[in-house]
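Below: one structure, written as structure tokens.
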Amino acid sequence: MEKIVFDKLEELDYGVTEALRTLKTNIQFCGDDIKTILLTSSIPSEGKSTVTLNLARSMAASGQKVIYVDCDIRKSVIVGRLGAHTENRKKIFGLSHYLSGQKRLEEVCYSTEVDGMDMIFAGPSVPNPTEILGNHYFEEMLETLRNTYDIVLLDTPPLGSVIDAAVIAPKADGAILVVEQGKVSRRFIKAVKKQLENSGVKILGAVLNKIEVKKQGYYKKYYGNAYEYR
Ligand SMILES: Nc1ncnc2c1ncn2[C@@H]1O[C@H](COP(=O)(O)OP(=O)(O)OP(=O)(O)O)[C@@H](O)[C@H]1O
Ligand SMILES: [Mg+2]
């Protein structure tokens with residue numbers, strides 16, 4: 001497996017590390033049959049990718065073998081955002097190469113400089129994302145990854161905008177809804193939650209993201225089951 005290094009991986013501060021630890025513990029209490037976890041949100045930019053990646057780092061730091069899978073094959077931003085490259089700067093292949101049958105799974109799995117965290121990047125965007133996410137390759141991938149890793153984290157596009165997460169959801173063991181504080185109406189969040197439920201996936205909980213510290217108590221009460229992540 002080729003190794004990825006990151007030129008732009010940000011350090012996690014104490015507050016974030018603590019919040020991630022809580023989230024990780026809450027996930028563990030969901031049961032050890034929960035291995036493939038999808039993260040989605042209602043609208044773009046609520047922080048799905050940030051939370052998913054940092055959760056993966058946190059899990060890896062505590063000794064779990066984890067893989068982050070970027071299922072947002074509509075736009076691939078992670079490589080650029082992290083300044084990710086192989087040591088000899090070879091081309092990086094991703095999920096869309098695998099799902100379209102151009103590459104085998106082992107050719108799109110990368111180890112990383114973060115010990116215990118492997119990654120599958122999105123790859124170039126495709127004209128028919130929903131269709132290829134629904135094909136047999138995706139299921140086969142999850143089956144293989146489930147047998148290889150302790151936890152598989154699936155970063156997806158926002159369910160309030162595109163259907164992709166609902167296509168993937170029935171194949172995952174659980175789903176987490178990332179909610180940016182004060183950004184989306186309760187009604188819309190509920191509708192998206194309902195859509196997730198209808199897909200048949202078990203909803204593990206929500207992560208309230210970008211919360212202001214002074215409002216923590218209030219929001220914790222407001223969303224009884226929410227995990228916090230700042
Ligand atoms: N807890 C946080 N505190 C401050 N900024 C954050 C936090 N979480 C995410 N962000 C910032 O918000 C922006 C959107 O985050 P991110 O890309 O993770 O969201 P996303 O839900 O994956 O977006 P998209 O729908 O485009 O995939 C980024 O600039 C990110 O750095
Ligand atoms: Mg994202």
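The values are calculated or read from the model by the stated rules, or taken from the named source; none is laboratory data. Because the structure is predicted, anything quoted here is derived from the model rather than measured. So basically every Cβ, Gly included, is an ideal-geometry build from the backbone, and we count neighbours across all protein chains shown.
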Helices (runs of 4 or more DSSP H) contained in segment 96-199 and holding at least 1 residues under 13 Å from V69 (Cβ atoms), touching a strand residue (DSSP E or B) at 6+ places or on another chain (Cβ under 6 Å) and hydrophobic (A, V, I, L, M, F, W, C): 105-108, 136-148, 164-168
Can you tell me which residue among S161, S185 is within 12 Å of ligand 1 (Cβ to nearest atom), of a type outside the set (D, E) and surrounded by fewer than 16 Cβ atoms within 10 Å (Cβ to Cβ)? S161
Which residue pairs have Cβ atoms under 9 Å apart, sit 6 or more places apart or on different chains, and have a first residue in segment 194-213 that is charged (D, E, K, R) and a second that is assigned to a helix (DSSP H, G or I)? E212/Y219
So which pairs qualify, if the first residue must be in segment 39-65 and within 11 Å of ligand 2 (Cβ to nearest atom), the second must be assigned to a loop (DSSP other than H, G, I, E, B), the Cβ gap must be under 6 Å, and the two must be at least 6 apart or on different chains? T40/T156; T40/L159; S41/P158; P44/P158
Scanning for something touching a helix residue (DSSP H, G or I) at 6+ places or on another chain (Cβ under 6 Å), assigned to a helix (DSSP H, G or I) and more than 24 Å from K24 (Cα to Cα), does segment 73-95 turn up at least one residue? no
Counting just the residues of segment 111-142 that are of a type outside the set (S, T, N, Q) and exposed (fewer than 15 other Cβ atoms within 10 Å of the Cβ), which one comes out farthest from G83 (Cα to Cα)? H136
When both residues are 6+ apart or on different chains and their Cβ atoms are under 8 Å apart, which pairs have a first residue that lies in segment 143-157 and is at pLDDT 95 or above, and a second that is within 16 Å of ligand 1 (Cβ to nearest atom) and of a type in the set (S, T, Y)? L153/T52; L153/Y68; L154/T52; D155/S49; D155/T52; D155/Y68; T156/T40; P157/T40
Residues (within 13 Å of the chain's Cα centre (by Cα) and either away from ligand 2 (no atom under 13 Å from the Cβ) or on the phi > 0 side of the Ramachandran plot (or both)) located in segment 66-101: V66, I67
What is the residue count in segment 46-64 for residues that are near ligand 1 (Cβ under 7 Å from one of its atoms) and in a loop (DSSP other than H, G, I, E, B)? 2
Which ones in segment 6-16 are away from ligand 1 (no atom under 11 Å from the Cβ) and under 17 Å from the mean Cα position of the chain (by Cα)? L9
Residue count, segment 22-45, condition assigned to a loop (DSSP other than H, G, I, E, B) and within 14 Å of ligand 1 (Cβ to nearest atom), comes to 4
